[in-house]
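Here's the structure, in structure tokens; my notes come after.
The values are calculated or read from the model by the stated rules, or taken from the named source; none is laboratory data. None of these values were measured; they are calculated from a predicted model. So basically every Cβ, Gly included, is an ideal-geometry build from the backbone, and we count neighbours across all protein chains shown.
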């Protein structure tokens with residue numbers, strides 16, 4: 001039997017201390033709530049997801065109550081909820097939630113490895129993987145799983161937007177050197193870009209999940225909010241990871 005793990009990814013919520021406040025002239029709380037409502041409407045038919053991945057920039061104002069709020073809002077969507085920090089998050093605050101600290105998820109023949117890419121921030125959005133995280137990747141094939149998905153906040157590749165490529169994963173070269181030592185990594189997913197991508201790098205599928213907060217326009221030299229009516233909508237990504245190593249993924253948006 002080819003078991004399939006069902007994963008949902010939500011990212012870049014940029015929640016504020018006051019749920020009524022705006023961010024870039026949008027209301028992030030309302031946009032997140034719209035995503036949650038759409039997912040919840042589907043649950044009676046498809047059942048809970050196996051895992052929810054919150055992949056960074058959960059908070060724009062990283063206070064304890066903000067993280068408590070998103071966990072309260074999302075815990076019914078999946079059997080387990082996991083998160084990683086983005087450059088706007090506060091790792092020290094997030095670390096107070098002991099139940100969210102698992103950095104390895106195993107399901108079927110897959111392992112999902114959550115990485116912290118917020119080391120050595122440059123103050124304008126970039127981040128790096130610390131030495132310890134790179135060492136984890138180098139030894140990742142020791143895991144009993146047959147297939148591996150890596151999860152981080154910062155994209156490890158250029159995407160053709162000058163301003164975003166300047167704040168990608170700062171030590172991407174070291175990341176790919178570590179990944180190249182693995183035969184098991186099949187997928188990498190991330191956020192940070194506030195837009196959707198599906199790329200192939202070194203034979204590995206790369207997925208970028210759109211934000212629930214305002215989206216950013218692709219292929220720009222300088223920052224620009226998305227102005228396409230379809231792509232402006234808050235979104236999330238769904239994965240089905242099959243035991244045979246195949247990956248099905250799609251982005252859903254709230255219209």
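Residue selection: residue 169 fails the criterion of being over 14 Å from residue 57 (Cβ atoms) and either under 13 Å from the mean Cα position of the chain (by Cα) or at pLDDT below 95 (or both). Tell me, which residue of the range 2-24 that is more than 17 Å from residue 89 (Cα to Cα) and free of Cβ contacts under 8 Å to residues at least 40 places away in the same chain is surrounded by the fewest Cβ atoms within 10 Å (Cβ to Cβ)? Of everything passing the filter in the range 2-24, 20 is surrounded by the fewest Cβ atoms within 10 Å (Cβ to Cβ). For the range 43-78, name all the residues that are touching a strand residue (DSSP E or B) at 6+ places or on another chain (Cβ under 9 Å), surrounded by fewer than 14 Cβ atoms within 10 Å (Cβ to Cβ) and at negative phi. Scanning the range 43-78 gives 43, 46, 75.
Rundown of residues vs (1) under 14 Å from the mean Cα position of the chain (by Cα); (2) assigned to a loop (DSSP other than H, G, I, E, B); (3) more than 26 Å from residue 51 (Cβ to Cβ); (4) free of Cβ contacts under 8 Å to residues at least 60 places away in the same chain, yes/no style:
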{"position": "195", "(1), (2), (3), (4)": "yes, yes, no, yes"}
{"position": "200", "(1), (2), (3), (4)": "no, no, no, yes"}
{"position": "220", "(1), (2), (3), (4)": "no, yes, yes, yes"}
{"position": "229", "(1), (2), (3), (4)": "no, yes, yes, yes"}
{"position": "240", "(1), (2), (3), (4)": "no, no, no, no"}
{"position": "244", "(1), (2), (3), (4)": "no, yes, no, no"}
{"position": "252", "(1), (2), (3), (4)": "no, no, no, no"}
{"position": "255", "(1), (2), (3), (4)": "no, yes, no, yes"}
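Taking the criterion of being assigned to a loop (DSSP other than H, G, I, E, B) and more than 15 Å from residue 219 (Cα to Cα), the residues of the range 161-191 that qualify are 170, 171, 180, 181, 182, 183, 184, 191. Of the candidates 151, 93, the single residue that is buried (at least 20 other Cβ atoms within 10 Å of the Cβ) and modelled with pLDDT of 95 or more is 151.
Candidates in the range 139-155 are the residues that are without any contact (Cβ under 8 Å) to a residue 40 or more places away in the chain and either in contact with a strand residue (DSSP E or B) (Cβ under 6 Å, 6 or more places away or on another chain) or assigned to a loop (DSSP other than H, G, I, E, B) (or both); of these, the one that is nearest to residue 186 (Cα to Cα) is 148.
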